[in-house]
1. Please go through region 51-71 and pick out each residue that is farther than 14 Å from ALA36 by Cα and not in a loop (DSSP other than H, G, I, E, B).
2. Give GLY49, GLY2 a once-over and let me know the one that is modelled with pLDDT under 75 and touching a Pro at 6+ places or on another chain (Cβ under 8 Å).
3. Cβ-Cβ distance below 7 Å, separation of 6 or more or different chains: which pairs start in region 15-34 with a residue that is farther than 12 Å from VAL46 by Cα and end on one that is open to solvent by 60 Å² or more (accessible area, probe 1.4 Å) and part of a helix (DSSP H, G or I)?
4. Scanning region 37-72 for residues that are among the hydroxyl-bearing types (Ser, Thr, Tyr) and within 13 Å of the chain's Cα centre (by Cα), which turns out surrounded by the fewest Cβ atoms within 10 Å (Cβ to Cβ)?
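The values are calculated or read from the model by the stated rules, or taken from the named source; none is laboratory data. Values in this document were obtained by computation on a predicted structure and should not be read as measured data. Note that each Cβ is placed from the backbone with ideal geometry, even for glycine, and that neighbours are counted across all protein chains shown. Accessible surface is based on the protein model in full, side chains and every heavy atom, while ligands, DNA and RNA are left aside. Shrake-Rupley method; radii C 1.70, N 1.55, O 1.52, S 1.80 Å.
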Amino acid sequence: MGSGSNLASSGFLWYLMDRVFKLPFTPINSDSLGRADLGKYTCIVVPSGATAPTSGKFRDWVSAGNVAVAFEGASWVVGSSNYVD
């Protein structure tokens, strides 16, 4: 969900998932993506203003066929050249 000033960028996403779509989700600090156990997640949504590591556990998770959705500028997405910009 970002950290510091980036946390404000994730507010709309939190509202949509929680209040509008009523989807269960687990907020994860973007700094934790490189070291967290991502095996229990089916999709990771990266809000605008947040970054995700291009190496480590997150890269392995995406390369294994899992789904990462990024808002605004997904050129950092790893594991696939198929993304919508």
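1. Residues satisfying the conditions are SER63, VAL67, ALA68, VAL69, ALA70.
2. GLY2
3. Every condition considered, the pairs that remain are GLY34/LYS57.
4. For region 37-72, the residue satisfying everything is THR42.
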